[in-house]
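Some notes on the structure that comes next.
The values are calculated or read from the model by the stated rules, or taken from the named source; none is laboratory data. Computed from a prediction, not measured in an experiment: that's the story for all the values here. Cβ coordinates were reconstructed from backbone atoms using ideal geometry, including for glycine residues, and neighbour counts include every protein chain displayed.
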Amino acid sequence: MADVKPLYDTYNRVPLVFERGHGVWLETDTGERYLDFAAGIAVNSLGHTHPHLVEALKAQADKLWHLSNVHEIPGQTRMAERLTRVTFADKVFFTNSGAEALECAIKTARRHFYVNGQPERYRIITMEGAFHGRTLATIAAGGQAKYLEGFGPKVEGFDQVPFDDLDAVKAAVTEHTAAILVEPVQGEGGVRPLSSETLRALRELCDEQGILLVLDEVQSGVGRTGKLFAHEWAGIEPDIMAIAKGIGGGFPFGACLATAEAADGMTFGTHGTTYGGNPLAMAVGNAVLDVILDEGFLPHVNDIALLLRQGLASLKDRYPDLIKDVRGTGLLLGIQCAKSNADLVMAMRNENLLGVPAGDNVVRLLPPLIVTAEEAREALSRIEAALDMLSHKSP
Ligand SMILES: *Cc1c(COP(=O)(O)O)cnc(C)c1O
């Protein structure tokens, strides 16, 4: 079996090998530079090798990497204090990934009703097009056939309704419902935002029905949309929220945040993780917060977002045969293609610009949040070149 590759074939990898990165730029092993508007799928929130993160990681590396969660981890307490101060949450559980943060969110919601005498309330309503991760429970929550196929019985307890269909959500609530779980802006689903009215209506519905609102802000959180968390645009607060991606700036970790009431079932011994919240992760996470919580940070994100939005709108006007729609919030932007999104991603790559394909024929632009106006303009001109190339191709 000489031709069996040692890695699982679950990814179709781009034939480029990046060796180093700095800020919004990546460099290949042959010295070619790329403008990175993928950011490891919204992970490199502060770009590559941000000096403050490098310094925090190196300093911690010389002190202590890992400790079990049976010990006090001061960086974890500090990070949780900071996250609870700037959000709705009273309590935080640190994880290693987004899916694991969602698992914790799902377990937290179910346990809440269990310890409050309503164990029959365990079902969770989700929306079509959702993406919540690749574990068995999160593929059931996401409900996408392509991710569920062949993996045995779907984990019980998820009821899916059409995207942004409030009446369908209302109709789906039963005496078995524990929570509604949504992304304020669907990322993988094609940069599809829920309107502020819908988010407010979901909050009201949860209050009326005595059920929990769980938000998946793994992609939309940590400054990505120009607010610290996307739900802030709607002026609502969830009961439970999963985050990851941008919070680690490239160090893999996530967190589940909850109100004290929602987390009341998560008592001693009910949940755990070996690695979640270890000292290395927390050193980087606290360093990410140092930068993102700085006063000038979010205004910068919004300025650049406006510049990109306007630039993309004018490209849409000029290439109506190629661009159907431009959408998104902050630096979670999507170009909905009239033709193939894969072709646009490829044409952009030919211009040394990275983007990310998404559902609904969309190309996502997810630059590091530290992208400058000049770099944003450079990206627009590369997108224009890519569109120009595509428009000259035979239909
Ligand atoms: C990426 C993502 C996840 C899964 O995160 P992993 O770290 O890959 O497990 C969950 N929800 C949303 C909205 C995401 O974008």
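Within the stretch 84-141, count every residue that is aromatic (Phe, Trp, Tyr) and over 20 Å from residue 253 (Cβ atoms).
Looking only at that region, the number is 4.
From 113, 88, 93, grab the single residue that is in contact (Cβ under 8 Å) with a residue 24 or more places away in the chain, within 16 Å of the ligand (Cβ to nearest atom) and not aliphatic (A, V, I, L, M).
Only one candidate qualifies: 93.
One line per residue, one yes/no per condition, for (1) within 14 Å of the ligand (Cβ to nearest atom); (2) surrounded by 14 or more Cβ atoms within 10 Å (Cβ to Cβ); (3) within 20 Å of residue 191 (Cβ to Cβ):
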site	(1), (2), (3)
125	no, yes, no
131	yes, yes, yes
137	yes, yes, no
142	yes, yes, yes
150	no, no, no
155	no, yes, no
159	no, yes, no
166	no, yes, no
170	no, yes, no
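Report yes if some residue within the stretch 75-85 is within 16 Å of the ligand (Cβ to nearest atom) and in a helix (DSSP H, G or I); otherwise report no.
Checked the stretch 75-85: no residue is within 16 Å of the ligand (Cβ to nearest atom) and in a helix (DSSP H, G or I).
Pairs under 7 Å by beta carbon, first residue assigned by TED's automatic domain parsing to the domain that holds residue 97 in the stretch 129-146, partner near the ligand (Cβ under 8 Å from one of its atoms) and among the charged types (D, E, K, R), six or more apart or different chains?
130/183; 131/188; 132/216
I'm trying to understand the selection: among the residues of the stretch 86-104, which are among the acidic types (Asp, Glu) and assigned to a loop (DSSP other than H, G, I, E, B)?
90
What are the residues in the stretch 218-242 that are more than 15 Å from the ligand (Cβ to nearest atom), part of a helix (DSSP H, G or I) and crowded, with 20+ Cβ neighbours inside 10 Å, if any?
Within the stretch 218-242, 234 is the sole residue that qualifies.
For the stretch 243-258, what are the residues that are closer than 17 Å to residue 82 by Cβ and within 13 Å of the ligand (Cβ to nearest atom)?
Within the stretch 243-258, 243, 244, 246, 247, 248, 251, 253, 254, 255, 256 qualify.
Pairs please, first residue from the stretch 220-236 and under 20 Å from residue 309 (Cβ atoms), second anywhere and of a type in the set (S, T, N, Q) and assigned to a helix (DSSP H, G or I), Cβ atoms under 7 Å, 6+ apart in sequence or on different chains.
The qualifying pairs are 226/302; 233/196; 234/196.
Select from the stretch 200-217 the residues that are within 15 Å of the ligand (Cβ to nearest atom) and not acidic (Asp, Glu) and list them in ascending order.
Correct list: 214, 215.
To keep it simple, each residue is scored yes or no on (1) in contact with a Lys or Arg (Cβ under 7 Å, 6 or more places away or on another chain); (2) part of a helix (DSSP H, G or I); (3) more than 16 Å from the ligand (Cβ to nearest atom).
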site	(1), (2), (3)
260	yes, no, yes
270	yes, no, yes
273	no, no, no
277	no, no, no
280	no, yes, yes
290	no, yes, yes
294	no, no, yes
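May I ask you to verify whether residue 188 is of a type in the set (Asp, Glu), more than 16 Å from the ligand (Cβ to nearest atom) and either free of Cβ contacts under 8 Å to residues at least 24 places away in the same chain or not in a helix (DSSP H, G or I) (or both)?
Details: of a type in the set (Asp, Glu): yes; more than 16 Å from the ligand (Cβ to nearest atom): no; either free of Cβ contacts under 8 Å to residues at least 24 places away in the same chain or not in a helix (DSSP H, G or I) (or both): yes.
When the stated conditions are applied, residue 188 does not pass them.
Of the residues in the stretch 20-61, how many are assigned to a helix (DSSP H, G or I) and within 16 Å of the ligand (Cβ to nearest atom)?
Total meeting the criteria: 4.
So, in the stretch 21-48, how many residues would count as being more than 20 Å from residue 378 (Cα to Cα) and exposed (fewer than 14 other Cβ atoms within 10 Å of the Cβ)?
Residues in the stretch 21-48 being more than 20 Å from residue 378 (Cα to Cα) and exposed (fewer than 14 other Cβ atoms within 10 Å of the Cβ): 2 in total.
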